[in-house]
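*Asks:* The structure is given below, and queries will be raised subsequently.
The values are calculated or read from the model by the stated rules, or taken from the named source; none is laboratory data. From a predicted model like this one, the values you see are computed outputs, not experimental measurements. Here the Cβ is made from the backbone with ideal geometry for all residues, glycine too, and neighbour counts use every protein chain on show. Ligands, DNA and RNA are stripped out before the accessible areas are found, and what is left, the full protein with its side chains, is counted by its heavy atoms. Shrake-Rupley method; radii C 1.70, N 1.55, O 1.52, S 1.80 Å.
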Amino acid sequence: MCPFGDERSATPGAAMDTLLWDAAAGSSDPTRGEDVYIVLPCYRENKAELQHSIGSLGRSEGPTMRILIFVDGAQNSPLIQRAFDTGDLKSVEAAMRDGKLSSVPLGPWSDDESLHTLRHLAEILKLSTPVTVHGCLRFTGLVGKRVPFEVYVKGPEVLRSKRASHAFCFSLLAGDERAKRPMPRAVLLMDGDTAPEPNTIGQMFSCLVSQGLGCTSAVVMPERVNTPALVWQTVRLWGLNGVIWAAQSSVGFQHPVCGACAMFSMDALASCMDEYCKMPREESVWDSMRIEMGEDAYFTHLALEKGFKIRYLLHCHVTVFQPGTWLEYLTQQCRWKRSHFGNRLDLLFCRPRAWLGLQAIFWPLEVLESFFIRGEFLGSGWAVLAFTKVTAPPLLDLTGLGFPRDASGGHGRTSVVELLVFTLVWTALVLYVVLSAGHPVADRPRVHQAAMGISVVMLASQVLLAFAYWKVHLFWSFWAFLLLPVVFSYLVRFPHGLRKSWAGAVLLLAGVAFGGIENLLAPMAGLANADASAMLGWGTRQDAGERAALAKLEVHRIREGRRLVRNRLLACWLFSNISIGVTLLLLGMERFGLQCFLAFIATNLAVNLTVGVGYSMWLWLAAPGYRRNEVSADSDCSSDDSADEAQISAAYLGA
């Protein structure tokens, strides 16, 4: 009997207090005790994604490893339900071996979508005969010749989520510890579509142990780059994201850690496990944004608050299957922006103990970054004001509309065109928010496609005006502002082997083209659905059928309460962002405000770029656990880049 079963309720709103449970080690449990346990939650990954991930683990070098795979989604399968109701596991085995359900009067194996992940695993791995343990079907075996694995197919009574899979592993660890069985030295949390390079796990483990860290993370890049959306994601991860994480790592304070590949020490895991595994309050939008929408950021902040150091390792590389289309990317970013909103506020203002130490010097920069730059906070207001000031003067020259602010007139006048442009832009954005509210991205594809297309055109118009009207190319400061981030990004990565080196060359072009999707549309659509919850039908990989089924549950009171909180939050957010522009325009201080805006961006860039390069050099020259003999310019990088360039050309020709 699964320990979850006694505590679960028929409705999502009446949940238990924790995901942890008492997993007493039994004689049937495998003998564990490898150096690193790799936790791999799987939900609806296809065969290529699973083969990409599991195959790479079989080729990994370094410490001894054990893979624990947790399969979600099979809870609703008639075959799995029947196996647990009757104890007949032969039907499952027959389905796996023959691809059909033998004599069981159920539909064919291939028709049961909830079993696709298990079917793919059966094709990739040599699975043992299943046994029933802890409310799951467990299979065992070896990846390659030396890496043991355990596959847990969750039964009907086991909760479905990535965090629940983590808690399942933590409970197994606690049971082993109570039984005084051998314990690992680290736990690597990975996604089901993530593949580390052969030396990555060994390098992460070496730095974790040698530097006494609580967590290490790797450089994450898309596995393929064959669409414009994937080009942008590569550039985004390669550019300023990586530089900022490098700068934070100089004081052991990277946040958030990318959940696709994060290795935690056992001390850090034991310290944070109880709080990480607490059940969120279903009526709480705050809990949902921090925990359900961003469990990796939440875990990061718990570790930082406990005083553990976290570093981004520039010499460790993994690849993942990222969203291939703009709609898929926007869906992912909406969830991430909600997480960033909740978790960033939580770290900045609710966890003062996390800032004790040298990392305190970054706190003012982080607060101002939220105020000036990040779209999920007040960055959208500054972006619209900047758009207005770039666009209005050329229109003013064409129309001649305007009125003086003071007797002297001149450059200080406010134009009717400025107010008109500002009003029109915010009207369009508010309309987008209204149309997005309460609907997953997949339900309103035309709205989001139109918004993204308009965003690209508007940003392109800004570039044309900047050169043709404002003559920015005549100012050296413009070129310094433009090129130094690219140069420093190369300097940060160069000692550790360049991957996707072409990304720096297209960094500026991609940023100009797609920055509006990242920093304007995604935050707005995300906050317009701030009441979204995986348990209420908003999971990233959930299809329309699952959402419809969950919508029928008796959770009307919870939904209405969350919707009310969302509407209040959204009203406050819109008021704050619109007020920035209105106030500065009416007071005639928009020029001063934008000068402060640019001054902070320049200062923030200077600090992060300089400190990031310093950290990169320290990591290369003096960091304990950094094995330089395993780090090279990598003979595969040039061929990898050539393949990427061919994919990019095909992507843009197709687009």
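*Asks:* Within the stretch 407-424, can you find the residues that are open to solvent by 80 Å² or more (accessible area, probe 1.4 Å) and modelled with pLDDT under 85?
*Replies:* Listed by number, the residues that qualify are Ala407, Ser408, His411, Arg413.
*Asks:* So, one more: Show the residue pairs meeting these rules: Cβ distance below 9 Å; 6+ apart or different chains; first residue within the stretch 51-71 and modelled with pLDDT under 90; second residue among the β-branched types (Val, Ile, Thr) and surrounded by fewer than 24 Cβ atoms within 10 Å (Cβ to Cβ).
*Replies:* Gly58/Val143; Gly58/Val147; Ser60/Val147; Gly62/Val36
*Asks:* Considering only the stretch 208-220, how many residues are open to solvent by less than 10 Å² (accessible area, probe 1.4 Å) and part of a strand (DSSP E or B)?
*Replies:* The number of residues fulfilling the criteria is 5.
*Asks:* Go over the candidates Pro495, Pro485 one by one and state the one that is more than 19 Å from Arg236 (Cβ to Cβ), assigned to a helix (DSSP H, G or I) and within 27 Å of the chain's Cα centre (by Cα).
*Replies:* Sole residue among the options that is more than 19 Å from Arg236 (Cβ to Cβ), assigned to a helix (DSSP H, G or I) and within 27 Å of the chain's Cα centre (by Cα): Pro495.
*Asks:* Which ones in the stretch 226-244 are surrounded by fewer than 23 Cβ atoms within 10 Å (Cβ to Cβ) and outside any helix (DSSP H, G or I)?
*Replies:* Matches in the stretch 226-244: Asn226 only.
*Asks:* For residues that are touching a strand residue (DSSP E or B) at 6+ places or on another chain (Cβ under 8 Å), among the basic types (Lys, Arg) and assigned to a helix (DSSP H, G or I), tally how many sit in the stretch 151-192.
*Replies:* Residues that pass the stated criteria total 1.
*Asks:* Out of Trp286, Trp336, Trp355, report the one residue that is surrounded by fewer than 23 Cβ atoms within 10 Å (Cβ to Cβ), among the aromatic types (Phe, Trp, Tyr) and in contact with a Phe, Trp or Tyr (Cβ under 8 Å, 6 or more places away or on another chain).
*Replies:* Going through Trp286, Trp336, Trp355 in turn, the sole match is Trp355.
*Asks:* Output yes when any residue across the stretch 80-102 is open to solvent by 10 Å² or more (accessible area, probe 1.4 Å), modelled with pLDDT of 85 or more and basic (Lys, Arg), and no when none is.
*Replies:* No, the conditions are met nowhere in the stretch 80-102.
*Asks:* Could you give me the residue pairs with C-beta distances under 6 Å whose first residue belongs to the stretch 129-150 and is closer than 14 Å to Gln75 by Cα and in a strand (DSSP E or B), whose second residue is among the hydrophobic types (A, V, I, L, M, F, W, C) and open to solvent by less than 20 Å² (accessible area, probe 1.4 Å) wherever it lies, and which are 6+ apart or on separate chains?
*Replies:* Every condition considered, the pairs that remain are Cys136/Val153; Leu137/Val153.
*Asks:* What are the pairs, 6+ residues apart or on separate chains, where a residue within the stretch 270-284 that is closer than 22 Å to Val187 by Cα and modelled with pLDDT of 85 or more has its Cβ under 6 Å from a residue that is part of a loop (DSSP other than H, G, I, E, B) and of a type in the set (Gly, Ala, Ser)?
*Replies:* Met279/Ala15
*Asks:* Another question, if that's okay. With Ala25, Ala14, Ala10, Ala74 as the choices, which residue is modelled with pLDDT under 90, at negative phi and touching an Asp or Glu at 6+ places or on another chain (Cβ under 6 Å)?
*Replies:* Going through Ala25, Ala14, Ala10, Ala74 in turn, just one is modelled with pLDDT under 90, at negative phi and touching an Asp or Glu at 6+ places or on another chain (Cβ under 6 Å): Ala25.
*Asks:* Might you let me know whether the stretch 331-340 holds any residue that is modelled with pLDDT under 95, in a loop (DSSP other than H, G, I, E, B) and hydrophobic (A, V, I, L, M, F, W, C)?
*Replies:* no
*Asks:* Still on this structure, I have one more. Out of (1) over 15 Å from Ser250 (Cβ atoms); (2) modelled with pLDDT of 55 or more, the odd one out for Ala646 is which?
*Replies:* For Ala646, the exception is condition (2).
*Asks:* Which pairs do you get when a residue that is farther than 27 Å from Lys389 by Cα and open to solvent by less than 40 Å² (accessible area, probe 1.4 Å), found in the stretch 425-444, comes within reach of a residue that is part of a loop (DSSP other than H, G, I, E, B) and of a type in the set (D, E, K, R), reach meaning Cβ atoms under 7 angstrom, with the pair 6+ apart or on two chains?
*Replies:* Going by the 7 Å Cβ cut-off, the qualifying pairs are Ser436/Arg444.
*Asks:* Further question: Restricting attention to the stretch 487-504, does a residue exist that is at pLDDT below 90, closer than 27 Å to Gly379 by Cβ and open to solvent by 30 Å² or more (accessible area, probe 1.4 Å)?
*Replies:* no
*Asks:* Scanning for something surrounded by 12 or more Cβ atoms within 10 Å (Cβ to Cβ) and either of a type in the set (Ser, Thr, Tyr) or modelled with pLDDT under 90 (or both), does the stretch 592-602 turn up at least one residue?
*Replies:* Here is the first cut: in the stretch 592-602, the ones surrounded by 12 or more Cβ atoms within 10 Å (Cβ to Cβ) are 593-594, 596-598, 600-602.
From the residues that got through so far, the ones that are either of a type in the set (Ser, Thr, Tyr) or modelled with pLDDT under 90 (or both) too are none.
No, the conditions are met nowhere in the stretch 592-602.
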